[in-house]
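**Student:** One structure is given below, represented as structure tokens, and several questions about it will come after.
The values are calculated or read from the model by the stated rules, or taken from the named source; none is laboratory data. A quick note: this is a predicted structure, and the numbers were derived from the prediction, not measured. All Cβ positions, even for glycine, are placed from backbone atoms using ideal geometry, and neighbour counts span all protein chains on display.
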Amino acid sequence: MPTYNCAQWLDGCMESLLAQDFTDWRVIARDDASRDGSGDKLANWADRLGPRMIVLEDSGACNLGLIGNYNAVLSAAAAPYVMSADPDDSWLPGKITRTLQAMREAEEQFGWETPLAICTDAEVIDTDGQPIAPSFWRWSRVDSRMMERLSRVAIESAALGSTMMLNRALLDRALPIERGAAYQDWWLALVAVAFGRLVALPDSTILYRRHSANATGNPYSESLADAVRRTVSRPGAPRSRLESLIKKAAAQARSFVARYRGSLKPADIAALEALGDLPNLGSLRRKLAVIRHSLWFGSSLKNVGLVVLL
């Protein structure tokens with residue numbers, strides 16, 4: 001549990017862990033120099049839970065950033081299975097049991113030495129806990145069925161970090177997460193797809209909170225009408241948003257190839273290199289690269305926008 005300025009929600013997250021029917025777990029936490037008392041709340045919970053909770057020694061001492069904070073807590077975990085808990089979210093009943101069952105089934109099928117990640121859908125709520133959408137995947141127009149191809153996951157991942165369970169083989173392969181990673185869950189999903197399996201369950205296992213401090217923005221195309229409305233009100237916004245996404249995905253793709261080139265399939269290397277080059281290409285060459293290497297989103301609406309705006 002990496003924390004940063006999340007004091008108002010942290011208690012709710014911890015209570016949702018305590019309410020799980022599976023109880024053989026331990027929390028490893030680190031605060032990234034929050035300014036709102038998150039570190040004090042972690043200390044209070046550590047006192048309450050005793051050996052079931054470890055707060056890293058450098059908690060609150062310095063700001064490592066999103067990737068650095070995740071690297072710190074994930075690297076400190078020695079368990080065979082690890083789940084990440086974003087402290088602004090709440091876990092729904094049965095989350096651990098359902099996810100662990102899927103992980104054990106995957107290990108029986110593919111072997112415990114195979115890097116494996118399990119992810120699920122989520123219910124979306126606002127700052128005050130009011131419902132926004134019953135399905136994160138439908139709300140954000142991502143298609144979990146597309147996550148078997150590295151080229152698709154390289155441009156868009158449906159794996160939401162706070163829904164994920166990782167096995168030891170995946171952690172050993174993925175850590176440390178490179179600084180060029182766009183987000184920790186996206187990087188972990190890429191490792192799972194490239195070298196093992198990413199299993200997507202249709203269940204919603206968390207209440208995923210959207211608020212002003214989220215690391216990612218709300219989906220641009222929640223609906224066709226909404227996309228049109230936003231485009232009319234801010235004509236340059238769609239292209240600006242797409243450019244930002246491409247830059248993040250491209251930087252991550254370059255880091256991934258640099259790290260794993262010797263272990264990747266030639267077609268995957270070609271796709272990642274094409275994605276890494278996208279920011280430097282003209283419009284026509286961008287479109288050809290997307291088509292040739294199948295760098296598509298999981299939604300026809302978003303793909304129309306991709307082709308038009310590239």
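**Student:** Could you say whether any residue in the stretch 46-56 is out of contact with any Phe, Trp or Tyr (no Cβ under 9 Å at 6 or more places or on another chain) and among the basic types (Lys, Arg)?
**Tutor:** Yes - at least one qualifying residue is present in the stretch 46-56.
**Student:** Looking at 92, 116, can you tell me which residue is surrounded by 14 or more Cβ atoms within 10 Å (Cβ to Cβ), within 16 Å of residue 169 (Cβ to Cβ) and in the same structural domain as residue 9 (by TED's automatic domain parsing)? If you could, list the steps in order and put the result at the bottom.
**Tutor:** Values: 92 fails: within 16 Å of residue 169 (Cβ to Cβ).
Matching residue, one of 92, 116: 116.
**Student:** In the set 104, 98, 138, which member is assigned by TED's automatic domain parsing to the domain that holds residue 202, in a helix (DSSP H, G or I), in contact (Cβ under 8 Å) with a residue 12 or more places away in the chain and among the charged types (D, E, K, R)?
**Tutor:** Only one candidate qualifies: 98.
**Student:** Related question: Could you tell me which numbered condition residue 11 fails, if it satisfies all but one of (1) of a type in the set (D, E, K, R); (2) within 18 Å of residue 206 (Cβ to Cβ); (3) buried (at least 18 other Cβ atoms within 10 Å of the Cβ)?
**Tutor:** Only one criterion is unmet by residue 11, namely (3).
**Student:** Is it the case that the stretch 97-110 has a residue that's β-branched (Val, Ile, Thr), closer than 23 Å to residue 264 by Cβ and either modelled with pLDDT of 95 or more or over 17 Å from the mean Cα position of the chain (by Cα) (or both)?
**Tutor:** no
**Student:** I want to confirm something. Restricting to the stretch 16-75 and keeping residues that are aromatic (Phe, Trp, Tyr) and in a loop (DSSP other than H, G, I, E, B), which single residue is farthest from the chain's Cα centre (by Cα)?
**Tutor:** Looking only at the stretch 16-75, we keep the residues that are aromatic (Phe, Trp, Tyr), and these are 22, 25, 45, 70.
Applying the additional criterion that residues be in a loop (DSSP other than H, G, I, E, B) yields 22, 25.
Details: 22: 23, 25: 21 Å.
Only one residue tops the list, namely 22.
**Student:** Surrounded by fewer than 23 Cβ atoms within 10 Å (Cβ to Cβ), among the acidic types (Asp, Glu) and closer than 20 Å to residue 71 by Cβ: which single residue out of 172, 143 fits that description? Outline the logic, then answer.
**Tutor:** Values: 143 fails: closer than 20 Å to residue 71 by Cβ.
None of the others qualify; the one that does is 172.
**Student:** Give the residue, chosen from 264, 166, 170, 188, that is at pLDDT 95 or above and over 18 Å from the mean Cα position of the chain (by Cα).
**Tutor:** 264
**Student:** A further question on this structure: Could you tell me which numbered condition residue 55 fails, if it satisfies all but one of (1) closer than 25 Å to residue 187 by Cβ; (2) β-branched (Val, Ile, Thr); (3) surrounded by fewer than 17 Cβ atoms within 10 Å (Cβ to Cβ)?
**Tutor:** (3)
**Student:** Restricting the search to the stretch 249-270, which residues are in a loop (DSSP other than H, G, I, E, B) and crowded, with 16+ Cβ neighbours inside 10 Å?
**Tutor:** Of everything in the stretch 249-270, just one residue is in a loop (DSSP other than H, G, I, E, B) and crowded, with 16+ Cβ neighbours inside 10 Å, namely 264.
**Student:** Restricting to the stretch 271-295, count the residues that are assigned to a helix (DSSP H, G or I) and either small (Gly, Ala, Ser) or in contact with a strand residue (DSSP E or B) (Cβ under 9 Å, 6 or more places away or on another chain) (or both). Reasoning before the result, please.
**Tutor:** Quick first cut of the stretch 271-295, residues assigned to a helix (DSSP H, G or I) only: 271-280, 283-293.
Okay, now just the ones that are also either small (Gly, Ala, Ser) or in contact with a strand residue (DSSP E or B) (Cβ under 9 Å, 6 or more places away or on another chain) (or both), so 271, 274, 276, 283, 289.
Result for the stretch 271-295: 5.
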